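Here the structure is laid out as structure tokens; the discussion comes afterwards.
Laboratory data are not the source of any read-out in this text; all were calculated from the coordinates shown. All values derive from a computational prediction rather than experimental measurement. Ideal geometry is used to build each Cβ from the backbone, glycine not excepted, and the neighbour counts take in all protein chains shown.
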Amino acid sequence: QVQIVESGGGLVQPGGSLRLSCAASGFTFRNYAISWYRQAPEKERELVATVSVGGRNTNYSDAVKGRFTISRDNANNTAYLQMNNLEPEDTAVYYCNALGRTPSNWGRNYWGQGTQVTVSS
């Protein structure tokens, strides 16, 4: 059974930091690119950051570049999003996504249930 569980969200003051975790099971984690998306109230879901299957390549949206860092630990089937210098505009539900990147799973797509991040004083 495929499971993706996000954790680490919460309430933080502007300028603060949070570290989100994405724990995966039920599929071959190392064969999937991992992305973090977020969705603020009344807005569309947007891509925040992506890490390649091996962890060597990362990409970030312009809104978070320089503040957020995505990483992964394939030995423990976990990915992370370190968020620093948080701003109120970062308030959203954050979702972890796994996207298949090998011939046997190309395009297969799994989502977690999300974790709420609220940045407010």
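Just how far, in whole angstrom, is the stretch 92-113 from the stretch 1-69 if you go by their alpha carbon centroids? Centre-to-centre distance over Cα atoms comes out at 11 Å. Over all pairs of different C-alpha atoms, the chain has a mean inverse distance whose reciprocal, the Kirkwood radius, equals 14.3 Å. Only one residue of Asn59, Ala92, Ser104 has its Cα farthest out toward the positive end of the dipole of the chain, where Lys and Arg carry +1 and Asp and Glu -1 on Cβ, and that residue is Ser104. Applying the Karplus relation 6.51 cos²θ - 1.76 cosθ + 1.60 with θ = phi - 60° to the stretch 37-48 yields 3J(HN,Hα) values of 10, 9, 9, 8, x, 6, 10, 6, 5, 10, 6, 9 Hz, where x marks Gly and Pro.
Across the stretch 47-98, counting alpha-carbon atoms alone, Rg and Dmax equal 11.3, 34 Å.
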